[in-house]
Every structure is written in structure tokens, then in C-alpha cells.
Amino acid sequence: MESYEQPVLSVRHLNKQYGSGCVNCRASRGGRLIKNYCPVCSTVYACRDISFEVQAGEILGVVGESGSGKSTLMQCLYFDQSVSSGEAYINSYKSGRENIFMASTQQQRYIRNLMMGKVYQNPVMSLKMNFSAIGNIADKLIAAGNRNVREMEARGKELLEHVNIPVYRVKEAPGNFSGGMQQRVQIAKALSNNPPLLLLDEVTTGLDLSVQASVLDLIKKIQRQLQISMVIVSHDLGVIRMLADRTVVMLDGRIIEQGLTDQILEDPQHSYTQQLVQSLLI
Ligand SMILES: Nc1ncnc2c1ncn2[C@@H]1O[C@H](COP(=O)(O)OP(=O)(O)O)[C@@H](O)[C@H]1O
Ligand SMILES: [Mg+2]
Ligand SMILES: [Zn+2]
């Protein structure tokens, strides 16, 4: 039965380049690039022919070294960046039949507010640090059309409680919170409109190991309870190993390997992935 279900997210041939390209990099289809970069015209090919699917209730990991294109991919999916070409379909938007990259700005705002949540490495990207924690959540609820203050307050408290922010601190500004708490407020905000899809970009990078573990545990708990689909980006294969059912490995803007996380860990095919797996063992 599950195999007949449509993927929650389906990405097809996504390309994103910074710069317009030149004879050198266009003619050779990237053959004369240094990693993802054209030395002649300085164009960066940040994402190249990216295709993958995310199934219902699944966590997809995206792993790769710094500069491999992970954040650009997430920015494109969340409309923070426009794609150069490619398609993406979300099953809850027009039954997964319309390329979301072709949707109007207004439609994209709607998709972003109701069908996705995003959690950033740097909480400043999604939180107003001098607003209350609960006010930050109300922001996203209002963006989705909510107007009832009492309802929003109840929902905000419920969400913050769910991510283990004590009730007596919900009126405090996240600027006063520790790094781990700020990430938990971001997660609560991202979940506020019950989106089917959560995008997480290096959310534990830079946190102390014990704090990192508690945030990862929270993500796992949320995924189990809500059965929400997630795309989790990290340069750290250890993080991906803890969370992801399936994994995509990126290098220089390309997907070089994808499959079940267990399989990739046990039997990595690409030499870069083999290096990554080896570094976990040391
Ligand atoms: N706004 C931008 N303008 C030009 N190049 C960019 C921009 N953003 C990212 N890049 C380049 O795109 C490539 C991919 O970056 P990024 O997606 O941030 O990688 P990752 O998240 O895997 O570290 C890098 O070479 C980076 O320098
Ligand atoms: Mg990044
Ligand atoms: Zn060029």
C-alpha cells in the first residue's frame, strides 16, 4: 500500500548557478570547472541536476562537505533563492501536479507558510531576538491567516511546551535563551502550522555535544509523534546517521550517491563517501 503513495516532495533536475556562465563552462557542461567553479567567468554551479524524493513520514539526510551546495538546495526549496532550472512537486499542493518553482510569488508564500517549516543553523534567520518566544510563533500563525489572539496564545504555549520550553519563559525573548533553547523555539515556530514537510539546515552545528544530542532527540521525537517528513542537512555524517532513513551525498553541487542510510554506511560506493564513513570510525 505504501508504495502507491505519492512522495511528499519530489525534486527533478534542480540546477542553481550564481553567474551567467561563459563558453568555457557552458560548452563543456562543467568539464572545465574547478570543483563547482568556472575559473574563466567566476560562475558557481552550486546545485547541478539534483533529483530526489521524500516519502511520507521519512527523514531524508543530505550530507556533504562545506560548499557542496546543501544550503543552496534548501534555500531553493524554501524560495529563499530562485532556481536556475528544474522542478519540484509537493503532494499537498495541487495534488503534486504543479511545479512549485513556477508558482506565483503569492502562491509560493502560501506554500511556504502552510506546507513547509524551515530551521536554520543561525536562529537569527528565523527568530526576532527581541520579540517574545510566543510572539515569534504568532508571527508564523498570522502569516497563515490566523487572527484569534486567544487561540494563537494557546497554540503557541502548546508548541513551546512540546519542545520543552518551560511555560513561565514563553514571554521571554529568545535573545535571552541558550543556543539549544533558541533552536527549540525555531523548531516550534517551524511546526506551528502543521506543515507536512520540515527543512533543517545544520541545526545542531556549533552547539555543545550534550546540547546537540538533546536537540537531535527532540527532532526524532517530533518525527515519531507527528509523522512529519523532514529533509535534514548536515556536513556531519554522525548527525545524519542518527536521524536519516535515507541519505543523499553531495559533492561539488552534485548528488554522487543516494540510498538507505544503513546501506550507505555499510557499503559506500563513491570514494568520497568511503572517506566520510571512514572518518566516522576514527
Ligand atoms: N549568494 C551566493 N553568491 C555566489 N556564490 C554563492 C552564494 N551562495 C553560495 N554560493 C556558493 O555556492 C556553493 C554552495 O554553497 P552552499 O550551498 O552554502 O554550500 P554548503 O551549504 O554545502 O556549505 C559554494 O561554492 C558557495 O561559495
Ligand atoms: Mg550550508
Ligand atoms: Zn564560465
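The values are calculated or read from the model by the stated rules, or taken from the named source; none is laboratory data. For clarity, every value in this text was computed on a predicted model and none was experimentally measured. Don't worry about glycine lacking a Cβ; one is built from the backbone with ideal geometry, like all the others, and counts go over all protein chains shown. Just so you know, the surface numbers come from the protein's heavy atoms only, side chains and all, with ligands and any DNA or RNA stripped out. Shrake-Rupley method; radii C 1.70, N 1.55, O 1.52, S 1.80 Å.
Based on this model, can you work out whether GLU65 counts as over 14 Å from the mean Cα position of the chain (by Cα), more than 10 Å from ligand 3 (Cβ to nearest atom), charged (D, E, K, R) and part of a loop (DSSP other than H, G, I, E, B)? The answer is yes for GLU65. Out of the residues in the stretch 30-51 that are within 16 Å of ligand 2 (Cβ to nearest atom) and in a loop (DSSP other than H, G, I, E, B), which is surrounded by the most Cβ atoms within 10 Å (Cβ to Cβ)? The residue in question is ASN36. Report the residue count in the stretch 104-118 for those that are farther than 23 Å from GLU5 by Cβ and either away from ligand 2 (no atom under 16 Å from the Cβ) or surrounded by fewer than 21 Cβ atoms within 10 Å (Cβ to Cβ) (or both). Going through the stretch 104-118 one residue at a time, the tally reaches 9. Is it true that SER279 is among the hydroxyl-bearing types (Ser, Thr, Tyr), in contact with a Leu (Cβ under 9 Å, 6 or more places away or on another chain) and surrounded by fewer than 13 Cβ atoms within 10 Å (Cβ to Cβ)? The answer is yes for SER279. Counting only helices (runs of 4 or more DSSP H) that fall entirely inside the stretch 174-282 and contain at least 1 residues that are closer than 24 Å to ASN130 by Cα and of a type in the set (A, V, I, L, M), the qualifying elements are 179-191, 209-226.
Within the stretch 63-93, take every residue that is among the small types (Gly, Ala, Ser) and in contact with a Leu (Cβ under 7 Å, 6 or more places away or on another chain) and give me the one that is farthest from LEU251 (Cα to Cα). Among those residues, the one meeting the criterion is ALA88. Residues in the stretch 140-152 that are in a helix (DSSP H, G or I), surrounded by fewer than 16 Cβ atoms within 10 Å (Cβ to Cβ) and at pLDDT 95 or above: ILE142, VAL149, ARG150, GLU151. Take the residues in the stretch 37-51 that are among the hydroxyl-bearing types (Ser, Thr, Tyr) and within 11 Å of ligand 1 (Cβ to nearest atom); name whichever of them is farthest from SER10 (Cα to Cα). Top of the filtered list is SER42. In this entry, SER92 passes the filter for residues that are of a type in the set (S, T, N, Q) and surrounded by fewer than 18 Cβ atoms within 10 Å (Cβ to Cβ).
The condition (being open to solvent by 40 Å² or more (accessible area, probe 1.4 Å) and out of contact with any Pro (no Cβ under 8 Å at 6 or more places or on another chain)) is satisfied by just one residue among GLY156, GLY175: GLY175. Is there a residue being under 10 Å from GLY61 (Cβ atoms) and touching a residue at least 12 places away in the same chain (Cβ under 8 Å) anywhere in the stretch 222-231? So far as the stretch 222-231 goes, yes, one or more of its residues are under 10 Å from GLY61 (Cβ atoms) and touching a residue at least 12 places away in the same chain (Cβ under 8 Å). Taking the listed residues MET102, MET125, MET129, MET116, the one that is within 16 Å of ligand 1 (Cβ to nearest atom) and out of contact with any Cys (no Cβ under 9 Å at 6 or more places or on another chain) is MET125, with no other qualifying.
Restricting the search to the stretch 232-271, which residues are of a type in the set (Gly, Ala, Ser) and either crowded, with 20+ Cβ neighbours inside 10 Å or without any contact (Cβ under 8 Å) to a residue 40 or more places away in the chain (or both)? Within the stretch 232-271, SER234, ALA244, GLY253, GLY259, SER271 qualify. Residues that are within 16 Å of ligand 2 (Cβ to nearest atom) and open to solvent by 30 Å² or more (accessible area, probe 1.4 Å) within the stretch 65-89 comprise GLU65, SER66, GLY67, SER71, GLN75, ASP80, GLN81, listed in sequence order.
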